Ligand code: GLC
């Protein structure tokens, strides 16, 4: 498969094959001992980020927030949460990251504000039908006295999607009640976001990760459809009242015009949970430019599933013109080292992995060693693919999910809203261990905002840094090799790739081979430059990847998938 321009072609294309490291700011590094990660903490760890060899960081929300949803409830889009620092700190961080050759992507949350946002407070104080209410989605209730919500829709994570306010009206919130949905049909809302995009772009931010990008546009003409109707697969694409409507792309076309005011143009990546056939709309160059593909994250540790995910997504990228994105973990899912150590039915299935969490990480039994072994093999496979790679903080340490957080320490609203039937996402958001001991393993000088388990010491940066066989060093070496080897976005399946082996080639004789099976397989020809586990002679053991260079490396043919 031959795809468009090489990453080195122009600075404007820097994102096409970038390695982007996701920082969850409140859990990365705490500079002032209050238990919460902050901007100065990030600044203090820039040498670490630079030595890792990433191209960009994506900062999760760092805005003022009551943390009703981990910061995805934003009080003010143009400020830094005072507990995390100031705009001056932010500017220093950006300048220092840039000085180290690292770009900055920030999370933008346009579907909803927080209920503490000035606009929402104004809306509550205003009367029904007022311009202040029109920035959100207020409706009268059903039943003669309006005491029933306008529809039976559920919020993500549980409970009704409508909450009643004192004068009897209801407002829509597709997420928690602290996250009222904005009305994107309102020009003022649109203009305000354009101002926010310029605000951060002017400060030197290089790109945006767009939260719930498939939300925003809504058609709430009454009568509102019942949830049973919305779940019906026969609903024509683009006609759901609030997800993935066609008009959402008019909004992103306006955003694109703002991105293109800058040199190089600002980039964006959509978090759009949509059918693969609709994803290209978000990734269009007239829109956000790139969209997450979560298919690898949703796949089991299984050669066939990995192969088809790769084939399908590369074909899609070729069709849409954007590069594809690869993700194994993020702040919303059980860490992949853990998923891969669970039985197959729990690996790619988010709900089953959450069932494991509900048992406090006891059932089904987790094979911790196997999970890490597979995670190491998976990262070599993923980093050899064309396109951008998104890493989630801590995966470079091979961190497992913290499965046994005590319920009284949980922060994710999902736990409470689901009535305790879903433990939520805190287990992957536990602050990082930097040192082998200390009150919060070097995260800060005091205890961390979520409790860290004792095994974090052995997984810490300090414990791994000098061990050549550590997962941290595997990531470092893989990223260094990737930088040297990464060329055009071309890819070929090596003939004979079948069964338990996934084997592909990249330009310049770079080859990646992974054995998903239980028995060793012969190593293909080429010089091994990196392996995720010790190799036995000429054999590639189970659950292991190796990168090889063909002697004298030659250009790729245009062979398509197997
Ligand atoms: C996205 C975020 C998630 C958040 C939700 C609501 O899916 O990744 O963490 O809860 O949006 O903003």
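Residues in segment 151-170 that are under 28 Å from the mean Cα position of the chain (by Cα) and either more than 16 Å from the ligand (Cβ to nearest atom) or surrounded by fewer than 21 Cβ atoms within 10 Å (Cβ to Cβ) (or both): 153, 154, 155, 156, 157, 158, 159, 160, 162. Of all the numbered requirements in (1) assigned to a helix (DSSP H, G or I); (2) surrounded by fewer than 22 Cβ atoms within 10 Å (Cβ to Cβ); (3) in contact (Cβ under 8 Å) with a residue 40 or more places away in the chain, residue 351 misses one, and that requirement is (3). Going through (1) in contact with a strand residue (DSSP E or B) (Cβ under 9 Å, 6 or more places away or on another chain); (2) free of Cβ contacts under 8 Å to residues at least 12 places away in the same chain one by one, residue 465 falls short only on (1). Evaluated against (1) part of a helix (DSSP H, G or I); (2) within 16 Å of the ligand (Cβ to nearest atom); (3) over 29 Å from residue 276 (Cβ atoms), residue 369 falls short on exactly one condition, (2). Any residue at all in segment 336-348 that is in contact (Cβ under 8 Å) with a residue 60 or more places away in the chain and more than 21 Å from residue 271 (Cβ to Cβ)? Within segment 336-348 (the criterion being in contact (Cβ under 8 Å) with a residue 60 or more places away in the chain and more than 21 Å from residue 271 (Cβ to Cβ)), the answer is yes, since at least one residue qualifies.
Looking only at residues of segment 487-512 that are surrounded by 21 or more Cβ atoms within 10 Å (Cβ to Cβ) and out of contact with any strand residue (DSSP E or B) (no Cβ under 7 Å at 6 or more places or on another chain), we find that the one that is farthest from residue 20 (Cα to Cα) is 506. Applying the selection to segment 43-58, what residues are farther than 15 Å from residue 461 by Cα, touching a strand residue (DSSP E or B) at 6+ places or on another chain (Cβ under 7 Å) and either away from the ligand (no atom under 13 Å from the Cβ) or part of a helix (DSSP H, G or I) (or both)? Selection gives 54, 55, 56, 57. Identification of helices (runs of 4 or more DSSP H) wholly contained in segment 238-344 with 2 or more residues that are modelled with pLDDT of 95 or more, surrounded by fewer than 18 Cβ atoms within 10 Å (Cβ to Cβ) and in contact with a helix residue (DSSP H, G or I) (Cβ under 8 Å, 6 or more places away or on another chain) yields 248-259.
Listed here are the helices (runs of 4 or more DSSP H) enclosed by segment 104-222 that have at least 1 residues being within 30 Å of residue 90 (Cβ to Cβ) and touching a strand residue (DSSP E or B) at 6+ places or on another chain (Cβ under 9 Å): 118-125, 187-202. Listed residues 232, 298, 275, 244; which is within 16 Å of the ligand (Cβ to nearest atom) and closer than 22 Å to residue 349 by Cα? Answer to the check: 298.
Of all residues in segment 522-536, those satisfying the criterion of being within 31 Å of the chain's Cα centre (by Cα) and within 18 Å of residue 374 (Cβ to Cβ) are 530, 531, 532, 533, 534.
Determine whether residue 78 is within 16 Å of the ligand (Cβ to nearest atom), part of a loop (DSSP other than H, G, I, E, B) and surrounded by fewer than 20 Cβ atoms within 10 Å (Cβ to Cβ).
no
The values are calculated or read from the model by the stated rules, or taken from the named source; none is laboratory data. All values derive from a computational prediction rather than experimental measurement. We place every Cβ from the backbone using ideal geometry, glycine too, and count neighbours over all the protein chains shown.
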